[in-house]
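**Student:** Sharing a structure, written as structure tokens. Questions coming.
The values are calculated or read from the model by the stated rules, or taken from the named source; none is laboratory data. Quick caveat: nothing in here was measured; it's all calculated off a predicted structure. Methodologically, a virtual Cβ is constructed for each residue, glycine included, from the backbone with ideal geometry; neighbour enumeration extends over all protein chains shown.
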Amino acid sequence: MAKKEKVTLTPEEIEAKKARKKEKRKIFGKTFERAIAWMLAVVLVYCVTYMALSNKTLGAASAAPAQSSAQTTQPATKSDWDTSASGNGSSQSGSQSSASGDSASGGNAAQGADAASPAAASDVAAVVEKFKSAALNSEDVPKYQNMTLRDYNFSSNLVNSLMGIAEGLISKNSGKENTASTGLSGGIEQLTADDVKSATMSTNGGKTTVHIELKEQTDGADGQAHEGPVGHGIGVLGGIDEVVSNFPGVTVNDIELVYQNPVIDVVIDDASNKVESGKESYTVFINLKSAKVAISTLSGTAYIDYEYIIGE
């Protein structure tokens, strides 16, 4: 076999060859960086959508319902809970819930002597027991979820530009047509008055309207779906470490998930002791302080408005 003859390049050809190598490295670098950014975006979305998948339906339980003798305003109808048509997701839940609470308290004042025991409606323990009993007895009540990603800001411009993909994936995990299921979510068996910031209930025409504001909760990467005040009442994102383990080369070094404005609003049919309609909602502030994807370290923040529409 003839020995390959060495080709001597001119200085111009050597420079041209170096330029081609440099361009190839640049193209590879851009492609690699984009792949890393896309992977992080997918990880974030996967973590968020996993929240819904991990909130398993509750089974039936035999807890006895607490009774309320307060007589107030008419309970809300099912259509009142759904804010998805406005496109603002659960971002409206705080104001709507506040209005519901104000309406209930105003109704108590207006009823005057007709409200036989106003204190009973504001007794947190009684409200919690009433809700728990009905929720655990409502394994067949229909529900669906809405999620909205907003106000995201990451250290990589590529991640920011690719979060449109994330929005699309989240929309596929929202709405009645995509997420219909049955039963209320959360570790409701563990819900106690200690998990609750405030609670009221009122009864009228065989229906009890319950309004519960849970205490806010902050989790790290090892948070569990049914732990903490919000986990007990509604359910939160499970351990991110478990989710990220599905993505080779991805490590979440430091993350903080703050569950803000967690609210439960439901109407209970007293005859059947079942939840008839309602909404559970909160906003998750995602503070990704440090995540490593391959050789890049990235950080960022985002908000997820999250809600369950119950009884539709």
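**Student:** If you take the residues of the stretch 265-312 that are at pLDDT 95 or above, in contact with an Asp or Glu (Cβ under 9 Å, 6 or more places away or on another chain) and of a type in the set (A, V, I, L, M, F, W, C), which of them is surrounded by the fewest Cβ atoms within 10 Å (Cβ to Cβ)?
**Tutor:** For the stretch 265-312, the residue satisfying everything is V267.
**Student:** Does K176 count as under 16 Å from E307 (Cβ atoms) and charged (D, E, K, R)?
**Tutor:** Details: under 16 Å from E307 (Cβ atoms): yes; charged (D, E, K, R): yes.
It is true that K176 is under 16 Å from E307 (Cβ atoms) and charged (D, E, K, R).
**Student:** For the subset of the stretch 260-304 comprising residues that are among the aliphatic types (A, V, I, L, M) and part of a loop (DSSP other than H, G, I, E, B), which member is farthest from the chain's Cα centre (by Cα)?
**Tutor:** Taking the stretch 260-304 and keeping what is among the aliphatic types (A, V, I, L, M), we get 263-264, 266-268, 271, 275, 284, 286, 288, 291, 293-295, 298, 302, 304.
Narrowing further to those that are part of a loop (DSSP other than H, G, I, E, B): 271, 294-295.
Details: A271: 32, A294: 28, I295: 30 Å.
It comes out as A271.
**Student:** Restrict the check to the stretch 176-198 and report whether at least one residue is within 20 Å of M147 (Cβ to Cβ), part of a loop (DSSP other than H, G, I, E, B) and touching a helix residue (DSSP H, G or I) at 6+ places or on another chain (Cβ under 7 Å).
**Tutor:** Filtering the stretch 176-198 for residues within 20 Å of M147 (Cβ to Cβ) gives 176-186.
Filter again for part of a loop (DSSP other than H, G, I, E, B), leaving 180, 183-186.
Applying the additional criterion that residues be touching a helix residue (DSSP H, G or I) at 6+ places or on another chain (Cβ under 7 Å) yields 184, 186.
Looking through the stretch 176-198, at least one residue is within 20 Å of M147 (Cβ to Cβ), part of a loop (DSSP other than H, G, I, E, B) and touching a helix residue (DSSP H, G or I) at 6+ places or on another chain (Cβ under 7 Å).
**Student:** Find all pairs meeting these conditions: Cβ atoms under 7 angstrom apart; at least six residues apart or on different chains; first residue within the stretch 154-179 and at negative phi; second residue of a type in the set (K, R) and modelled with pLDDT under 70.
**Tutor:** From residues that are at negative phi, the pairs are L158/R34.
**Student:** Return the residues of the stretch 124-142 that are surrounded by fewer than 20 Cβ atoms within 10 Å (Cβ to Cβ), out of contact with any strand residue (DSSP E or B) (no Cβ under 6 Å at 6 or more places or on another chain) and charged (D, E, K, R); say none if nothing qualifies. Steps first, please.
**Tutor:** First, the residues of the stretch 124-142 that are surrounded by fewer than 20 Cβ atoms within 10 Å (Cβ to Cβ): 124-126, 129, 139-140, 142.
Keeping just the survivors that are out of contact with any strand residue (DSSP E or B) (no Cβ under 6 Å at 6 or more places or on another chain) gives 125-126, 129, 139.
Correct list: E129, E139.
**Student:** While we're looking at this one, here's another question. Going by the structure shown, is G233 buried (at least 24 other Cβ atoms within 10 Å of the Cβ) and under 29 Å from G300 (Cβ atoms)? Quick ask: steps written out before the conclusion?
**Tutor:** Working: buried (at least 24 other Cβ atoms within 10 Å of the Cβ): yes; under 29 Å from G300 (Cβ atoms): yes.
The answer is yes for G233.
**Student:** Something else: What do you reckon, is N153 crowded, with 19+ Cβ neighbours inside 10 Å and in contact with a Ser or Thr (Cβ under 7 Å, 6 or more places away or on another chain)?
**Tutor:** Values: crowded, with 19+ Cβ neighbours inside 10 Å: no; in contact with a Ser or Thr (Cβ under 7 Å, 6 or more places away or on another chain): yes.
Here the answer is no, as N153 does not meet what is asked.
**Student:** Would you pick out the residues in the stretch 196-209 that are surrounded by 21 or more Cβ atoms within 10 Å (Cβ to Cβ) and within 27 Å of Y303 (Cα to Cα)?
**Tutor:** Those that are surrounded by 21 or more Cβ atoms within 10 Å (Cβ to Cβ) and within 27 Å of Y303 (Cα to Cα): V196, A199.
**Student:** Hey, can you tell me all the residues within the stretch 137-187 that are closer than 17 Å to K279 by Cβ, of a type in the set (A, V, I, L, M) and modelled with pLDDT under 90? Steps first, please.
**Tutor:** Within the stretch 137-187, the first condition is being closer than 17 Å to K279 by Cβ, and the residues that meet it are 138, 141-148, 174-176, 179-186.
Among the residues that remain, those that are also of a type in the set (A, V, I, L, M) are: 141, 147, 180, 184.
Listed by number, the residues that qualify are M147, A180.
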